[in-house]
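Heads up, the thing below is written out as structure tokens.
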Ligand SMILES: CC(C)(COP(=O)(O)OP(=O)(O)OC[C@H]1O[C@@H](n2cnc3c(N)ncnc32)[C@H](O)[C@@H]1OP(=O)(O)O)[C@@H](O)C(=O)NCCC(=O)NCCS
């Protein structure tokens, strides 16, 4: 089970803070010792998805399960993930997944989920997260986990992360980038449009609407040719 798939199509509606001064963040690959900071960031930036997957009163427990799943999977769980660091703090993430990176160790993740959430909690969460899965195409660089700490938003951090992810996708000879964004996430959609992404198709899921309060996502894509 991947917890990156967990974060891909969902989204919290971005804040509408005005643009601030640009921040020169360092963009680098994620490491295992970043896990606690990444999970903190994701559980707040993706609170609706965490609430849907783990229950709204259990977001902290869900975050612990996620961290345990990543630790069990080891370095493979960080494959393709980039972080933005500013003055020693982790302030943003994105993940570029490609077909040849292969899948995640789902049994390790299931065990970690069971340990933290119990059998039924793990089953429920795994079902919820499976609704957000995406099958990555051979020529695709699939983006997920685009998140920036609230106090650092509108300072160009997501733009820098996505520029680096695009560079990495080109280096891997990918022909296009793809991502899912919730129809209600106007801020993120503006960001992706400004970077050259266009709406390719729309995905609707009544189950996802019930669990996550979001039932419609746009698959956006950007050609790299
Ligand atoms: C969406 C998100 C990642 C944007 O991060 P960010 O670092 O603030 O984005 P940037 O500063 O790089 O923004 C670049 C451009 O995108 C657009 N943009 C970004 N956020 C916006 C918002 N809330 N409203 C309108 N436009 C926005 C603007 O055109 C902006 O340029 P400008 O600031 O010069 O006007 C951030 O709001 C976030 O983490 N949201 C919660 C998680 C989420 O929804 N992730 C997307 C999942 S698909």
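The values are calculated or read from the model by the stated rules, or taken from the named source; none is laboratory data. Keep in mind that this is a model prediction, so the values were computed, not measured. No Cβ is skipped: glycine too gets one built from the backbone with ideal geometry, and neighbour counts run over all protein chains shown.
Summed over segment 173-201, residues that are out of contact with any strand residue (DSSP E or B) (no Cβ under 6 Å at 6 or more places or on another chain) and more than 13 Å from the ligand (Cβ to nearest atom) total 3. For segment 186-217, residues that are surrounded by 22 or more Cβ atoms within 10 Å (Cβ to Cβ) and at pLDDT 95 or above total 2.
Residues of segment 144-161 that are touching a helix residue (DSSP H, G or I) at 6+ places or on another chain (Cβ under 8 Å), crowded, with 19+ Cβ neighbours inside 10 Å and in contact (Cβ under 8 Å) with a residue 60 or more places away in the chain: 144, 145, 147, 148, 149, 158.
For residue 90, indicate whether it is within 16 Å of the ligand (Cβ to nearest atom) and either under 19 Å from residue 129 (Cα atoms) or without any contact (Cβ under 8 Å) to a residue 60 or more places away in the chain (or both). Judged against the criteria, residue 90 is a match.
Can you tell me which residue among 85, 115, 110 is in contact with a strand residue (DSSP E or B) (Cβ under 7 Å, 6 or more places away or on another chain) and surrounded by 14 or more Cβ atoms within 10 Å (Cβ to Cβ)?
85
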